[in-house]
Amino acid sequence: MNQEKQIMGETTANVSELIRPENLVYKKPTLLNDNTMHYCPGCSHGVVHKLVAEVLEEMNMGEKAVGIAPVGCAVFAYNYIDIDWQEAAHGRAPALATAVKRLQPDKLVFTYQGDGDLAAIGTAETIHAANRGENITIIFINNGIYGMTGGQMAPTTLEGMKTATCPAGRNVELNGYPLNITNLLKELPGVAYVTRQSVNTAPAVRKTKKALMKAFENSMNKKGCSVVEVVSTCNSGWKMSPEKANEWMIDNMHPAYPLGDLKDI
Ligand SMILES: Cc1ncc(C[n+]2csc(CCOP(=O)(O)OP(=O)(O)O)c2C)c(N)n1
């Protein structure tokens, strides 16, 4: 017992010696404020928000960044990332981003959209902004569902996947095929970079961070439009625990939306 106490005492002393500013490998980005996020536990939005804040801080672009917020769960992104934001009506984020970037070309302009916002009501704005080669970054959170409004079917909903509006599963004869919109976007000449990532593991988070950095750099270097898709979970909409939702995503979403770079010029 005494020996145990001694070991524990030594360990505690060692730990307090280790926790020094020079030894820290992680800190919260200063551009991520202290507001409590409204996202469900297990949701991918919060992780991507943190990455956006981290990348902008590392690029020293906090003062120059303008985010365009969507409708959907991420509508309140402006409450968490401490940069300038504009709110766009459903799907109009790429059109608004076009205006902001053209009027203020020295700004780093990005949209942050879910699949309902980007690939349903916003299909036209997304395709045309990308095709015009606007020097913006489109961040696309693909959770295969309308999260905020109760888990309805989205264009990206998988075949057979159950949602509030297709409780027996998506039927392609009735509802059409899942829309792989980033595959379409990569074909457009105005698009410089398309990548599909995820944030379910530490290595995946690191890759998404690199992808965001490259996309933001492209936007500042006038390379054209960059698209970062993040294949994500919506455990509330999918009606699964966070853990199960991650497993389901790996087994079902990742084969349908394979991760990796689709275009990089
Ligand atoms: C112009 C307009 N049409 C419809 C809505 C209703 N609406 C709000 S959020 C949403 C779905 C958003 O889903 P998605 O873009 O996939 O984002 P998620 O909530 O999954 O993050 C809808 C249809 C709205 N707010 N505004």
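The values are calculated or read from the model by the stated rules, or taken from the named source; none is laboratory data. Everything numeric here is computed off the predicted structure, so don't read it as measured data. As a convention, Cβ positions derive from the backbone with ideal geometry for all residues, glycine included, and neighbour counts pool all protein chains shown. Each accessible area value is taken on the protein alone, full model and side chains, heavy atoms only, with ligands, DNA and RNA left out. Shrake-Rupley method; radii C 1.70, N 1.55, O 1.52, S 1.80 Å.
Selection of segment 81-112 for residues being within 15 Å of the ligand (Cβ to nearest atom) and either open to solvent by 10 Å² or more (accessible area, probe 1.4 Å) or on the phi > 0 side of the Ramachandran plot (or both) yields E87, A89, H90, G91, R92, A95, L96.
Looking at K263, is it modelled with pLDDT of 95 or more and either open to solvent by 60 Å² or more (accessible area, probe 1.4 Å) or assigned to a helix (DSSP H, G or I) (or both)?
no
Of T157, T195, T182, T126, all but one fail to be of a type in the set (V, I, T), in a helix (DSSP H, G or I) and within 16 Å of P258 (Cα to Cα); the exception is T182. The set of residues in segment 166-179 being loosely packed, with under 15 Cβ neighbours inside 10 Å and either in a strand (DSSP E or B) or under 25 Å from the mean Cα position of the chain (by Cα) (or both) consists of Y177 alone.
Residues in segment 18-53 that are of a type outside the set (A, V, I, L, M, F, W, C) and buried (at least 21 other Cβ atoms within 10 Å of the Cβ): S44, H45, H49.
Against the conditions (1) over 16 Å from A211 (Cβ atoms); (2) open to solvent by less than 40 Å² (accessible area, probe 1.4 Å); (3) within 13 Å of the chain's Cα centre (by Cα), G62 satisfies every one except (3). Residues of segment 222-237 that are buried (at least 24 other Cβ atoms within 10 Å of the Cβ) and within 16 Å of the ligand (Cβ to nearest atom): V227, V228, E229, V230, V231, S232, T233, C234, G237. Restricting segment 113-136 to residues that are farther than 11 Å from H90 by Cα and either β-branched (V, I, T) or modelled with pLDDT under 95 (or both), the residue that is surrounded by the fewest Cβ atoms within 10 Å (Cβ to Cβ) is I127.
Kindly indicate whether G151 is within 16 Å of the ligand (Cβ to nearest atom), among the small types (G, A, S), touching a strand residue (DSSP E or B) at 6+ places or on another chain (Cβ under 9 Å) and modelled with pLDDT of 95 or more. When the stated conditions are applied, G151 passes them. Report yes if S219 is at pLDDT 95 or above and open to solvent by less than 10 Å² (accessible area, probe 1.4 Å), otherwise no. Criteria met by S219.
On the given criteria, is T208 within 16 Å of the ligand (Cβ to nearest atom) and buried (at least 19 other Cβ atoms within 10 Å of the Cβ)? So T208 does not fit the description; no. Within segment 54-64, is even one residue modelled with pLDDT of 95 or more, within 30 Å of E243 (Cα to Cα) and within 16 Å of the ligand (Cβ to nearest atom)? The answer is no; no qualifying residue exists. Got a number for residues in segment 137-152 being surrounded by fewer than 23 Cβ atoms within 10 Å (Cβ to Cβ) and among the β-branched types (V, I, T)? Adding up the residues that qualify gives 1.
Could you look through segment 65-80, keep only residues that are in contact (Cβ under 8 Å) with a residue 40 or more places away in the chain, among the hydrophobic types (A, V, I, L, M, F, W, C) and open to solvent by 40 Å² or more (accessible area, probe 1.4 Å), and pick out the one that is farthest from T36 (Cα to Cα)? It comes out as V71.
Within segment 47-80, the residues that satisfy the criterion of being charged (D, E, K, R) and more than 22 Å from T233 (Cβ to Cβ) are E57, E58, E63, K64. All conditions but one from (1) open to solvent by less than 60 Å² (accessible area, probe 1.4 Å); (2) closer than 21 Å to P41 by Cα apply to I250; the one that does not is (1).
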